[in-house]
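Trainee: Quick one: the structure is below, and I'll ask about it shortly.
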Amino acid sequence: MASAAGSSNVMLAIHEKKTTATDLYRPLRLYIASTYSEREAAAADDDLSVVRDLRAAVEQPSLPDPSSLEQRRDALLAYARALALVEPRFPISPDRAHVHSLTFTWHDAFKGNKKCALASIHLEKASVLFNLGAVYSQIAVAADRSTDVGIKTACGAFQSAAGAFAWLRESGVAAKAVAAGTTTVDITPECAGMLEKLMLAQAQECFFEKVIGGGKPPALCSKVARQVGIFYEEAYAALSAPPLSQHFDKTWVSHVQLKAAQFYADACYRYSLDLHQKEEIAEEIARLKIGMSALADAKKAAKGVAAQLMDSVNKLESNMKTNLERAMKENDRVYLMRVPAAGSLGALSAASLVKPTSLSEVLDASKERLFSSLVPDGSMKALSKYTEMVDNIIRTQAEKLQQASEITRVRLKEMDLPDSILSLEGNITLPLDLKEDVEAVQISGGPAGLESELQQLRDLSRVNQELLVQTEELLQKEANEDAQFRTQFGSRWTRPQSSTLTKNIQDRLNLFASNLKKAADSDSLIERGVKENYPLMSILDKRPIESALPSISRPIMSLDGNEDAIVGALKQSLRQLESLGAHRAGLEDMLKEMKRKDDILPKLMAGVGSHDDLFKKEIAKYDPICADIADNIVAQEQLLLQIQAQNEQFAAVFNIEDYKAARERCYKQIAAAVAKYREFKKNINEGLNFYVTLQEAIGKIKQQCSDFIMTRNIQCREMIEDVQRKLAGFSFSSSSHSSMQRNASVPPDQSSPSPPPHAQAPYASPPGVDSRLGYSQPEPRPAYSQPYPPSYGAPPQQPSYGAPHPGQYQPPAHQPPPGHDYGQPAYPGWRGPYYNAPQPQQSAPYPQPPYNAPGAYPPHQSNYYRPQ
C-alpha cells in the first residue's frame, strides 16, 4: 500500500503483483505443431514472438514516475488483449490436456511471501487485470490534486482502476482463477469487489475536493461527502468479512474505517451549515452531535493511520465543535427549540458522481490479428450457431415486412385506391397488363396503320400475279416457236414437244394461280373485317390511351361543400401509408446490411466471457430494428382502418360505384379492341408471309423457265443446222444460211454474240474426247454479258458479277453427237420442286417484296395462307 497527499486528504494506491519469468514461445509453438501442423507453427512464429515480448515487459518492475506508469498501463493492456486471443486457442488449464511445461507464478500483492503457481490461463489473466487496476491507482495517487487538471486526472484514473477490478470480478476471471486451484487472496472476487469500492470512494473524494474548492453550496457538498462515506463504508464491510478480515494489515482497516467516519461527519457538518442558514438550529445541533460522535468512535479504533489523515480528522472535529457551541448558545438565548433525538432524524442524502470506467473497449481483442489463422472447431461451431440465430431473425423480420406490404396492396386494391383519387385529378391509369398490350398495338402502328399493311397485301398480290403471267407467257412463246418449226420441218423436227417437257412446271403454275385466287378471297375478308371493326378498334389510336377512360366528376350539387376536405384527408393518409412503406423498405435494407457486416469471429476468438453471453449481447443489436418493424406494422394497421373510413365517405360523396362500372366497361372495350386488332394483324402478317414466300417460289420457276428456254434455243439452232447439213450435203453458203435464218423466223442476235467458234465440236468425237451431252458441260459465261437474246422470251438479265448462278444454264462446251436424244432434261434442276435449295437472289424486272420484316405480333402457323 502506498499513499500520497496532494491535498489535505490522504489516498491509497495498490502495489502490483510480482511474477517470475515464464517462456511462452516454446510451449505454445509445440502445441501448434502437434495440434495443427509444423507449417502452421512456422507461420505463427511472429505472433509467438510478440506474445513472448509482451510477457517479458510485464515481468519488469514499474517505475513511479507518471510517464513510466502510463507505459506500464499500455503494456498491461496489450498483454491482456493478447491473452484474450491465446485463451480460446491454447488449452492452458490443469484440468484437461494442456500446453505442456507452461506454469504461471504470481505473488500476493498484499502479502508478498505468499504465491501461486498454476498452469492456468485464468490465473494469468486475473493477475494482469489486478496489476492494471493497481497501475491506474498509482497514476491517480501520483497526480497533483491541488490543480484542476490534477483532480480530473486522479478522478479518471481511480474510476479506471475501479473498472479494472470490476472487470476482474464481473467477467468471471477471478472466479475461474480460484476454481483452477489454490490462488492468492488478492485476486478473489471478494478482494476485487472491495478494491472496486475503495477506488470509487477515492474518485468521489476527488469530486468532493473539487466542490469544496469551488465554493459550492453546503447542501451539495454534504451529498457528495455522504457518498464518499458510503463507498468507504462498503469497502470497510468487505475488509471486515472473510477471506479479507485476516489478510490485510490493520493499518489498512483503520485507514478505511476512519475515512468512512470522517466523510460521514463531514456530510453532517456541511448539512448543518445549510441548516444554520435556514435557522433550523435544533436539527443543526443534532447533526453536529451525531457527526462528532462518529469521529470520536473511529479515532479510538484507529491505529497506525497516516498523520495527515489524523490532522484532517482533528481539524474537522474542531470546526464541528465550534459550530456546535455557537448553535447551542443561539438556541438557548434566541430560538429555545427542542433538539430532536438522533433516531428521529432521516438519513442524509447522497449524490454519486462516479462509476467504474468500462474497459471493454480497451480490452477488446477482436481487432488484433494474433493467431488469426488458428480457428478451433469449437469456435467455428459457435460461429455457425450464431449465424443461424441471425438468419432466423432476418428471415422472420423479412416475412413480416413482406406480409405487411402485401396486406397494404390487397387492402388498397379492394378500396380501389389510389386509382380513384388519381381519376378525380385526371391522372387515370390502365391496369399494367392492359396498358402494355395497348402500347404494343400503338408501337406496331395501331388500327390506323392497318390500311398501309393492307395496301402491302394488294401490292404483293399484284406483283405475284404479274410474275405468274410473265412466266406463263415465256412458256407459251417458246411453245409457239417450237410448233412453228415442227410445222416447217415436219418429220425431220424430232425433238420433244414443249408441252411434254413443261407439264410439271405448268401444273405448278396452275397451283400458284389457284392459291393466288384463294389468297385474294382471304384478303377481301380481312379488308371487310377491318372496315367493319374499325369503330371498335379506333379507341386504340387515342394517345394517350388514358384519355379514352371515364373520370370521376365532382357532384353537381354540394350539400355542405366539404368535398375538398374529404379528398385532402384521404390523400394525406395515403401519403402517410406510402411513407410507412418506404420506411419498411429501408428497415429491410438495414437488416441485410447489418447482417453483411456482422462478423463476430474475432470476438469469439477474443475469449471474453461465455459464447452465450456474447451471442445475447450481439443479437441485441438487432432489437432496435425489430422494434421499429413492429411499430411500423402497428402504425400501418391503424392507418389502413383510418383510410377505410375516409374512403367510404369519399365513395359516398363522389358516386364511385357508377364510375367503377363505366371504367370496367371501358376496360372491356379496350381489351376487345386489342384482341380484334391482334386477330387482323396476325392474318395480315400471314398474308404478307404467304405472298413473300410465293413470290420467291414463282421467281424460281420463272428462272427455271428462262434457263429451259435458253437451252431449247440452243437445241433449236443445232437442230436447224443439222437439218440444213443433211439437205445440202454438208455444204452451206452464206446466202443460203441467211435464207435459212429468215425462213426459220429466227431473229438476228442483237443483244449478245453467237456462241464462239471454239464452243463447236464435231458430231463424231474422236477417241479420247468426252461425248457427254453438250449442254450438260458448263462453260463460264463472260462477265457483264446478256445470256441470250430477249427475243426468245427470256426477261433481261442483270450482269452475273462473277461465278454463274448454281441453277443457271451454262453455254455448252461441245456439240451433241448425231442422233442425240433431245428429250433428255436440258436443265439439271428444272424438274425438281420449286422449293429448291436456297439460291442467291437474282435481279428481276419485278419489284422486291414491299413487306419482308416480321410485324409486332409474330406470325403463327396457320392454314389461312398456305400454298396448296
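Trainee: At a probe radius of 1.4 Å, what is the per-residue accessible area of His122, in Å² to the nearest 10?
Mentor: His122 has an accessible surface of roughly 40 Å² with all protein chains in place.
Trainee: On a 1.4 Å probe surface of the protein chains, which of Asp364, Asp249, Asp598 comes out largest in accessible area, and what is the full order? Walk me through the numbers before you get to the answer.
Mentor: On the way: Asp364 55, Asp249 90, Asp598 30 Å².
Putting Asp364, Asp249, Asp598 in descending order of accessible area: Asp249, Asp364, Asp598.
Trainee: For segment 167-176, just list the computed ³J(HN,Hα) in residue order, Karplus coefficients 6.51, -1.76 and 1.60, θ = phi - 60°, integers in Hz, with x standing in for Gly and Pro.
Mentor: Per-residue couplings from phi come out as 4, 4, 7, 6, 6, x, 5, 4, 5, 5 Hz.
Trainee: Any idea what the relative contact order of segment 210-339 is, in percent, if you count C-alpha pairs under 8 Å spaced at least 6 apart?
Mentor: Numbers: 142 pairs, mean separation 34.6, N = 130.
For segment 210-339, the relative contact order is 27 percent.
Trainee: From zero up to wherever the largest Cα-Cα distance of segment 1-120 sits, split into 10 Å bins and tell me the percent of pairs in each.
Mentor: 11, 36, 30, 14, 6, 2, 0
Trainee: Any idea what diffusion coefficient segment 321-376 gets from Stokes-Einstein, in µm²/s, Kirkwood Rh on alpha carbon pairs, 20 °C, 1.002 mPa s?
Mentor: Details: Rh = 18.1 Å.
Once the numbers are plugged in, D ends up at 118 µm²/s.
Trainee: OK, next. Pairs of alpha-carbon atoms within less than 8 angstrom and 6+ residues apart define the contacts here; what relative contact order does segment 132-281 have, in percent?
Mentor: 21 percent
Trainee: Within 10 Å of each candidate Cβ there may be at most 13 other Cβ atoms; applying that plus a DSSP loop requirement, which GluC sites (Glu not before Pro) in segment 253-302 survive? Write down the numbers at each step before the final one.
Mentor: Details: sites: Glu279, Glu280, Glu283, Glu284; in loops: Glu279, Glu280.
Those that pass, being in a loop and sparsely packed, are Glu279.
Trainee: Spelling out what I want: for every residue of segment 41-51, take phi, set θ = phi - 60°, compute 6.51 cos²θ - 1.76 cosθ + 1.60 (Karplus), and round to whole Hz; glycine and proline get x.
Mentor: Calculated HN-Hα couplings, in order: 5, 5, 5, 8, 4, 5, 5, 5, 5, 4, 4 Hz.
Trainee: May I pose another question? Can I get the semi-axes of segment 365-485's equivalent ellipsoid? Compute them from the C-alpha gyration tensor as square roots of 5 times the eigenvalues, in angstrom, largest first.
Mentor: So the equivalent ellipsoid measures 75, 35, 12 Å along its semi-axes.
Trainee: Another one. Place a +1 charge on the Cβ of each Lys and Arg in segment 216-340 and a -1 charge on the Cβ of each Asp and Glu, then give the dipole magnitude about the Cα centre in debye, rounded to the nearest 20.
Mentor: Using Cβ point charges on Lys, Arg, Asp and Glu, segment 216-340 gives about 120 debye.
Trainee: Give the long-range amide H neighbours of Met11: residues separated by 5 or more places, or on another chain, with amide H under 5 Å away, using H modelled in the peptide plane at 1.01 Å from N.
Mentor: Distant-sequence amide H within range of Met11: Ala4.
Trainee: Could you give the Stokes-Einstein D for segment 161-281 in µm² per second, using the C-alpha Kirkwood radius, 37 °C, 0.692 mPa s?
Mentor: On the way: Rh = 15.6 Å.
Reported coefficient: 210 µm²/s.
Trainee: If the convex hull of the alpha-carbon atoms of segment 216-340 is projected onto planes in all directions, what is the mean projected area in square nanometres?
Mentor: One quarter of the hull surface, i.e. the mean projection, equals 8.0 nm².
Trainee: Show me, bin by bin at 5 Å from 0, the whole-percent P(r) of segment 398-468 based on Cα pairs.
Mentor: 3, 12, 10, 12, 11, 10, 9, 7, 6, 5, 5, 4, 4, 1, 0
Trainee: Still on this structure, please answer the following. Among the listed pairs Lys152/Lys176; Lys299/Lys355; Lys355/Lys592; Lys125/Lys223; Lys542/Lys681, which have their C-alpha atoms separated by more than 26 angstrom in this model?
Mentor: Among Lys152/Lys176; Lys299/Lys355; Lys355/Lys592; Lys125/Lys223; Lys542/Lys681, the Cα-Cα distance tops 26 Å for Lys152/Lys176; Lys299/Lys355; Lys355/Lys592; Lys125/Lys223.
Trainee: Let me check I've understood the local charge: for Leu30, count other residues with C-beta under 13 angstrom from its C-beta, Lys and Arg +1, Asp and Glu -1. What total comes out?
Mentor: Working: positive: Arg26, Arg29; negative: Asp23, Glu38, Glu40, Asp45.
Net local charge, Leu30 excluded: -2.
Trainee: Among residues other than Gly133 whose Cβ falls under 14 Å from its Cβ, what is the net charge (Lys/Arg +1, Asp/Glu -1)?
Mentor: +2
Trainee: Non-local amide H neighbours of Lys115 (under 5 Å, H modeled in plane, Pro and chain starts lacking H): which ones?
Mentor: It is Asp108, by chain and number.
Trainee: Hull surface divided by four, with the convex hull built on the Cα atoms of segment 47-177: how many nm²?
Mentor: Its Cα hull, projected and averaged over all orientations, spans 8.8 nm².
Trainee: I would also like to ask the following. Once phi is turned into ³J(HN,Hα) by the Karplus curve 6.51 cos²θ - 1.76 cosθ + 1.60 with θ = phi - 60°, what whole-Hz value does each residue of segment 403-411 show in order, with x for glycine and proline?
Mentor: The phi angles translate into 5, 4, 5, 5, 4, 4, 4, 5, 5 Hz.
Trainee: May I pose another question? Place +1 on the Cβ of every Lys and Arg and -1 on the Cβ of every Asp and Glu in segment 296-371, take the dipole about the Cα centre, and give the residue among Gly304, Ala365, Asn319 whose Cα lies farthest towards its positive end.
Mentor: Asn319
The values are calculated or read from the model by the stated rules, or taken from the named source; none is laboratory data. Being a predicted model, the structure only gives us computed values, none of them experimental. So basically every Cβ, Gly included, is an ideal-geometry build from the backbone, and we count neighbours across all protein chains shown. Please note that ligands, DNA and RNA were not included when accessible areas were found on the heavy atoms of the full protein model with its side chains. Shrake-Rupley method; radii C 1.70, N 1.55, O 1.52, S 1.80 Å.
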